[in-house]
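J.: Before I ask anything, let me first share the structure, which is written out below as structure tokens.
The values are calculated or read from the model by the stated rules, or taken from the named source; none is laboratory data. Quick caveat, the model's predicted, so the values are computed rather than measured. Note that each Cβ is placed from the backbone with ideal geometry, even for glycine, and that neighbours are counted across all protein chains shown. The protein model used for the area step is the full one, side chains on, heavy atoms only, and it has no ligands, DNA or RNA in it. Shrake-Rupley method; radii C 1.70, N 1.55, O 1.52, S 1.80 Å.
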Amino acid sequence: ASKELYEKLVGLEGKDLEVEIRKVFEDQRSRLSKLLNLPEGTEVILCPSGSDAEYIPIAIARALKGDVTIENGVTQLREVGAGTAPASMGQFFSTHAPLMGRLDPDAKVLDGFEGIDGAIIAAREKDGSVVNASEEMDRFVESALAKGAYPIVHGVFGGKTGLRDIKMPGSADCGEKTLGVVDACQARFSLDELHGWLGQDSLVLFTASKFYQAPPFCGAVIVPATIAEKLRSSSTPGHSDMFNSQGLGGFLTDKELPSCLESWSPLLKDDDVSNVGLAFRWEAGLAGVGAIASVPD
């Protein structure tokens, strides 16, 4: 599948490549939506990896709530991706970024992502016993709300050893009070489970590079219809530096975005940059998802 796409794109450059990649990403989002039978109004953001996907809930929280204090609660440290914890705090987690290349050694926090605080909960105690992460997240949310902060709260549906948190958090009051995130990057879930998370207004982090065996760095964020509609009607985010080349612009362009994020597009638009590798990886990923789509859960 990736080879076929390569043969279609080889030799293109400049505006021709930009136009074609835009069509490719739009088609890939549409195909993924159909394969996962996503409810009407649900949107898909393509992103370079599951760790990079952690920046998206922070940006969505800014779009929904403006200039508020954001606290981010993450579970299963050491059983999720190594980049998850720093990314959830708005920090760089590698020496390179997909659209920037090698980072300056002093680069620590993405532009516009300063001041993110929160809680990072280990998956297990030192003796190997499982931490009740859902209970810890309940306490985290209560504490954040008491301080007047806006909490992003995570649940992990299968870490590297298959460990699942007891509860997958929804977004309270349609995202007005809290923003729920389900880390389902392992993609070991039934469609009923996925639709249940979307029905409680959870953002869902997804990759095709685990269960579906795509090449590494093949991520997506699935945005439930209620949150997508709020984003569609929201104005351009006030923290415009969040989208520059040292912020989200180092990871995404407008071509990977769905229509509900049209207000972000002018800030991320870069006709000279296309993540062609991501398009190839997702082509392989969609082949993997499609190959077993007809197999019952």
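J.: Quick check: anything in segment 55-73 touching a residue at least 60 places away in the same chain (Cβ under 8 Å), surrounded by 14 or more Cβ atoms within 10 Å (Cβ to Cβ) and over 28 Å from Gly199 (Cβ atoms)?
T.: Looking for residues that are touching a residue at least 60 places away in the same chain (Cβ under 8 Å), surrounded by 14 or more Cβ atoms within 10 Å (Cβ to Cβ) and over 28 Å from Gly199 (Cβ atoms), one finds at least one in segment 55-73, hence yes.
J.: Looking at segment 43-60, which of the residues that are part of a strand (DSSP E or B) and of a type outside the set (Asp, Glu) is farthest from Ser233 (Cα to Cα)?
T.: The selected residue is Cys47.
J.: Would you check if Lys167 is touching a residue at least 12 places away in the same chain (Cβ under 8 Å) and surrounded by fewer than 17 Cβ atoms within 10 Å (Cβ to Cβ)?
T.: yes
J.: Right, another one. Condition test on Gly112, is it in contact with a Pro (Cβ under 9 Å, 6 or more places away or on another chain) and part of a loop (DSSP other than H, G, I, E, B)?
T.: yes
J.: Return yes or no: is Ser94 hydroxyl-bearing (Ser, Thr, Tyr), without any contact (Cβ under 8 Å) to a residue 12 or more places away in the chain and open to solvent by 20 Å² or more (accessible area, probe 1.4 Å)?
T.: So Ser94 fits the description; yes.
J.: Just checking, how many residues over segment 127-176 are at positive phi and not in a loop (DSSP other than H, G, I, E, B)?
T.: Total satisfying the criteria: 3.
J.: Which ones in segment 61-91 are over 15 Å from the mean Cα position of the chain (by Cα), of a type in the set (D, E, K, R) and in a helix (DSSP H, G or I)?
T.: Lys65 - this is the single residue of segment 61-91 that is over 15 Å from the mean Cα position of the chain (by Cα), of a type in the set (D, E, K, R) and in a helix (DSSP H, G or I).
J.: Now a separate question. Could you list all residues from segment 149-162 that are at pLDDT 95 or above, out of contact with any Leu (no Cβ under 6 Å at 6 or more places or on another chain) and either aliphatic (A, V, I, L, M) or open to solvent by 60 Å² or more (accessible area, probe 1.4 Å) (or both)?
T.: Correct list: Ala149, Val153, Val156.
J.: Filter segment 181-205 down to residues that are farther than 13 Å from Val223 by Cα, touching a Gly at 6+ places or on another chain (Cβ under 6 Å) and of a type outside the set (A, V, I, L, M, F, W, C), then give me how many there are.
T.: Number of matching residues: 2.
J.: Let me confirm something: among Gly155, Gly159, Gly180, Gly175, which residue is free of Cβ contacts under 8 Å to residues at least 40 places away in the same chain and in contact with an Asp or Glu (Cβ under 8 Å, 6 or more places away or on another chain)?
T.: On inspection, the qualifying residue turns out to be Gly180.
J.: Can you tell me which residues in segment 117-130 are under 17 Å from Gly158 (Cα atoms) and either in contact (Cβ under 8 Å) with a residue 12 or more places away in the chain or within 24 Å of the chain's Cα centre (by Cα) (or both)?
T.: Ile120, Ile121, Ala122, Ala123, Arg124, Val130
J.: (1) under 30 Å from Ser134 (Cβ atoms); (2) charged (D, E, K, R); (3) touching a Pro at 6+ places or on another chain (Cβ under 7 Å): which one isn't true of Lys65, the others all being true?
T.: (3)
Here is a yes/no grid of residues against (1) closer than 24 Å to Leu194 by Cβ; (2) out of contact with any Phe, Trp or Tyr (no Cβ under 9 Å at 6 or more places or on another chain); (3) among the charged types (D, E, K, R):
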site: Arg124; (1), (2), (3): no, yes, yes
site: Ser129; (1), (2), (3): no, yes, no
site: Asp138; (1), (2), (3): yes, yes, yes
site: Glu142; (1), (2), (3): no, yes, yes
site: Ala149; (1), (2), (3): no, yes, no
site: Val153; (1), (2), (3): yes, no, no
site: Phe157; (1), (2), (3): yes, no, no
site: Lys160; (1), (2), (3): yes, yes, yes
site: Leu163; (1), (2), (3): yes, yes, no
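Okay, residues lined up against (1) open to solvent by 40 Å² or more (accessible area, probe 1.4 Å); (2) of a type in the set (Val, Ile, Thr); (3) touching a Cys at 6+ places or on another chain (Cβ under 6 Å):
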site: Ala220; (1), (2), (3): no, no, no
site: Val223; (1), (2), (3): no, yes, no
site: Pro237; (1), (2), (3): no, no, no
site: Asp241; (1), (2), (3): yes, no, no
site: Glu256; (1), (2), (3): no, no, no
site: Glu283; (1), (2), (3): no, no, no
site: Val289; (1), (2), (3): no, yes, no
